[in-house]
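Accompanying notes for the structure given below.
The values are calculated or read from the model by the stated rules, or taken from the named source; none is laboratory data. Please read all numbers here as calculations on a predicted model, not as lab measurements. Note: ideal-geometry Cβ built from the backbone for every residue, glycine included; neighbour counts use all protein chains shown. Accessible surface is based on the protein model in full, side chains and every heavy atom, while ligands, DNA and RNA are left aside. Shrake-Rupley method; radii C 1.70, N 1.55, O 1.52, S 1.80 Å.
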Amino acid sequence: MPPKTPPAQGFSPFPPVDRRIPEISPQVARQAVAWLIDLQAAGTDAALHEGFDRWRQADPAHERAWRHIEAVNARFGHLASPLGSALAQAALTQPASPKRRQAIKLLVGALFTGGTLLAAHRHTPWPVWVADERSATGERRRLQLADGSRLLLNSDTAVNIAFSAKTREVQLLRGEILVDTGRDEAYAPARRFVVKTPHGELVPIGTRFAVRLHADRTRLDVFAGAVEIRPTADQRRLTVDAGESAEFAEPAVLATGPADADRIAWQDGMLVASRMRLADFVAELDRHRRGRLRCDPAIAELRISGSFPLAEPERILDALRSTLPVEIHYVTRYWATVRPAHRS
């Protein structure tokens, strides 16, 4: 066996995550979801359970589909989640009704692809709820994928991970990730690695890079290798090399510039600012703090510099009070505004 390579900079060893999606036909997926809805409403109906067992044993594809549903449902099947609520509502619809067919269509999208609900519910939290991997506010999570690639999820981040015989795909639904791509030694040639956002695709070439999803654009910072940007609505391509960054959206690349290592100081639990606008600093801190933190427009252009530990956001707010003419106004413990200090 070849010797194991040491972990890439910025990461530590951790168990692998395998997110291969089973190859399931749309027809089988619809059947599996229909059984899920029926079983939700059936209770202890012995005849229905016997029919379900016969369907499950009739074809290996049926079993693969059901095992995939079980895996997703185990994470998000409780009634407090969007998936649990949708199942409960679907179970109350009449068999063969238009509402039942629509419920099946949406649940197939959520359970097997995520795409239907991403398009239909872009302004709802559903895609984030049913994401393969998530990090909570203030949390940073390290993942190792089955091909050896490593992901670091920043605070409040959600991704879907789908491996097939041809591609390795990471879909960024919210937040920010730092990626070290693996060699994919089990496949020859190696499968294409791609990071998808609503604004386009990123195809790396043996690289280390960060991707941040904003509401209206995606930002890329490349620290090793190179990454090709493929905007959704533009046939042109742009290769971003190590030490460079770019922002893109529909229809094309918006801006390029140097990569900023300070932007990924969060991997070490730090927020680094160099003459950063106070409004931008507060918005960044808000990503790592529970509740809501806002900046009064009257002081938005004040500048701040320094390195701040993200594990202690309230101490950062204390530091703002001691270094800038500002005060922190709390409506509740979690809802706060940085505003101009009152002077006597």
*Filter the range 274-288 for residues that are in contact with a Phe, Trp or Tyr (Cβ under 8 Å, 6 or more places away or on another chain) and surrounded by fewer than 20 Cβ atoms within 10 Å (Cβ to Cβ) and give the result.*
none
*Among the listed residues 194, 227, 170, 179, which satisfies the condition of being β-branched (Val, Ile, Thr), surrounded by 15 or more Cβ atoms within 10 Å (Cβ to Cβ) and in contact with an Asp or Glu (Cβ under 8 Å, 6 or more places away or on another chain)?*
194
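The rows are residues; the columns are (1) open to solvent by less than 50 Å² (accessible area, probe 1.4 Å); (2) over 22 Å from residue 261 (Cα atoms); (3) hydroxyl-bearing (Ser, Thr, Tyr).
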site: 199; (1), (2), (3): yes, yes, no
site: 207; (1), (2), (3): yes, no, yes
site: 235; (1), (2), (3): no, yes, no
site: 240; (1), (2), (3): yes, no, no
site: 245; (1), (2), (3): yes, no, yes
_Name the residue that is modelled with the highest pLDDT, counting only residues in the range 68-109 that are within 13 Å of residue 35 (Cβ to Cβ) and open to solvent by 40 Å² or more (accessible area, probe 1.4 Å)._
70
_Breaking point among (1) more than 30 Å from residue 316 (Cβ to Cβ); (2) in a loop (DSSP other than H, G, I, E, B); (3) modelled with pLDDT of 90 or more, for residue 171_ = (2)
*Which of the residues spanning the range 309-344 are touching a residue at least 12 places away in the same chain (Cβ under 8 Å) and among the hydrophobic types (A, V, I, L, M, F, W, C)?*
310, 311, 316, 317, 319, 320, 324, 326, 335, 336, 338, 341
*Select from the range 209-232 the residues that are at pLDDT 95 or above and of a type in the set (Lys, Arg) and write down the one among them that is farthest from residue 266 (Cα to Cα).*
219
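Yes/no per residue for (1) farther than 22 Å from residue 266 by Cα; (2) of a type in the set (D, E, K, R):
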| position | (1), (2) |
| --- | --- |
| 149 | no, no |
| 176 | no, yes |
| 200 | yes, no |
| 245 | no, no |
_Which count do you get for residues in the range 289-338 that are open to solvent by less than 70 Å² (accessible area, probe 1.4 Å), modelled with pLDDT under 90 and assigned to a strand (DSSP E or B)?_
0
*Applying the selection to the range 260-283, what residues are touching a Pro at 6+ places or on another chain (Cβ under 9 Å) and more than 27 Å from residue 339 (Cβ to Cβ)?*
269
*Mind checking which residues of the range 235-252 are more than 22 Å from the chain's Cα centre (by Cα) and hydrophobic (A, V, I, L, M, F, W, C)?*
238, 240, 242, 252
*asked:* With the structure loaded, tell me whether residue 185 is over 28 Å from residue 24 (Cα atoms), open to solvent by 60 Å² or more (accessible area, probe 1.4 Å), touching a residue at least 12 places away in the same chain (Cβ under 8 Å) and assigned to a loop (DSSP other than H, G, I, E, B) or whether it fails that test.
replied: no
